[in-house]
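The values are calculated or read from the model by the stated rules, or taken from the named source; none is laboratory data. Bear in mind the structure is a predicted one, so any value in this text is a computation, not a measurement. Quick reminder, even Gly has a Cβ in these numbers, built from the backbone with ideal geometry, and neighbours come from all protein chains shown.
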Amino acid sequence: MSQVLILAVGHRPPAWVSAACGDYLSRFGRRLKVELKEIPPARRSAGGLAAALAQEDARLLAALPDSAWPVLLDSRGEQYDSEALADAFSGWLEHGGPLALLIGGADGFGPGVRARARASWSLSRLTFPHMLARVLVAEQLYRAWSLLHKLPYHREH
Ligand SMILES: C[S@@+](CC[C@H](N)C(=O)[O-])C[C@H]1O[C@@H](n2cnc3c(N)ncnc32)[C@H](O)[C@@H]1O
């Protein structure tokens with residue numbers, strides 16, 4: 001069975017984010033294990049932004065299995081329409097290890113995570129709050145899955 005890990009910097013999601021992510025992620029059923037794991041954000045303190053990003057990078061990299069295929073969520077990344085995303089998703093899953101989708105915190109990613117990434121996915125050129133990005137990723141992944149498996153969702157929603 002394939003596995004998808006959504007590693008999202010941030011904590012204490014509002015109830016509507018937990019409810020929406022829980023709803024979309026539960027739809028995959030037993031055929032694909034999709035798990036969202038929170039990465040605690042670093043404090044923005046005297047060390048400055050670079051130090052905070054380095055700490056978040058270290059936490060993201062520690063949560064990433066060695067065999068993972070990491071894809072960064074980044075507004076400057078590759079843009080897809082839904083059919084192209086379904087193809088890309090299917091390709092990402094074929095790499096064998098878990099597919100890891102990384103959502104950054106308030107300031108995005110540091111160089112360590114960028115160097116480890118195998119692809120980047122832009123939801124739009126607009127910047128979204130990271131909690132909203134979680135919901136969009138969960139919905140778009142399920143839409144892609146329903147296109148790949150000819151499930152009714154993508155025609156009904
Ligand atoms: C508030 S944004 C960070 C903005 C930060 N200034 C930057 O330039 O990356 C938080 C995270 O949400 C995700 N995100 C926000 N908008 C996105 C978009 N349009 N496409 C893909 N990911 C996005 C990214 O993972 C980003 O690191």
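Kindly indicate which of Ala84, Ala50 is at pLDDT 95 or above and of a type outside the set (Lys, Arg). Break it down into steps so the answer makes sense when it comes.
Working: Ala50 fails: at pLDDT 95 or above.
Only one candidate passes the filter, namely Ala84.
Count of segment 18-53 residues, restricted to those that are over 14 Å from the mean Cα position of the chain (by Cα), surrounded by 17 or more Cβ atoms within 10 Å (Cβ to Cβ) and more than 22 Å from Phe89 (Cα to Cα), is 4.
Considering only residues in segment 113-147 that are surrounded by fewer than 16 Cβ atoms within 10 Å (Cβ to Cβ) and away from the ligand (no atom under 14 Å from the Cβ), the one that is farthest from Leu25 (Cα to Cα) turns out to be Ala115. Among the conditions (1) surrounded by 13 or more Cβ atoms within 10 Å (Cβ to Cβ); (2) without any contact (Cβ under 8 Å) to a residue 40 or more places away in the chain; (3) within 28 Å of Trp16 (Cβ to Cβ); (4) among the acidic types (Asp, Glu), the only one that Asp87 does not satisfy is (3).
Within segment 73-93, work out how many residues are among the hydrophobic types (A, V, I, L, M, F, W, C), within 14 Å of the ligand (Cβ to nearest atom) and farther than 20 Å from Pro13 by Cα.
Result for segment 73-93: 2.
With respect to Ala138, determine if the residue is farther than 22 Å from Leu53 by Cβ and either touching a Leu at 6+ places or on another chain (Cβ under 7 Å) or not in a loop (DSSP other than H, G, I, E, B) (or both). When the stated conditions are applied, Ala138 passes them. Checked against (1) in a loop (DSSP other than H, G, I, E, B); (2) within 16 Å of the ligand (Cβ to nearest atom); (3) of a type outside the set (A, V, I, L, M, F, W, C); (4) under 16 Å from the mean Cα position of the chain (by Cα), Pro70 passes all but a single condition, namely (1).
For segment 103-112, state whether one or more residues are aromatic (Phe, Trp, Tyr), within 14 Å of the ligand (Cβ to nearest atom) and modelled with pLDDT of 95 or more. Steps first, answer last, please.
The initial filter retains those residues of segment 103-112 that are aromatic (Phe, Trp, Tyr), namely 109.
The next check asks that each one be within 14 Å of the ligand (Cβ to nearest atom); those that pass are 109.
Right, trim to modelled with pLDDT of 95 or more and you get 109.
Checked segment 103-112: at least one residue is aromatic (Phe, Trp, Tyr), within 14 Å of the ligand (Cβ to nearest atom) and modelled with pLDDT of 95 or more.
The residues of segment 1-15 that are exposed (fewer than 12 other Cβ atoms within 10 Å of the Cβ) and either closer than 21 Å to Val71 by Cα or touching a residue at least 12 places away in the same chain (Cβ under 8 Å) (or both), listed by number, are Met1, His11, Pro14. Which numbered condition in (1) away from the ligand (no atom under 15 Å from the Cβ); (2) in a loop (DSSP other than H, G, I, E, B); (3) not polar (S, T, N, Q) is the only one that Arg155 fails? Result: Arg155 passes all but (2).
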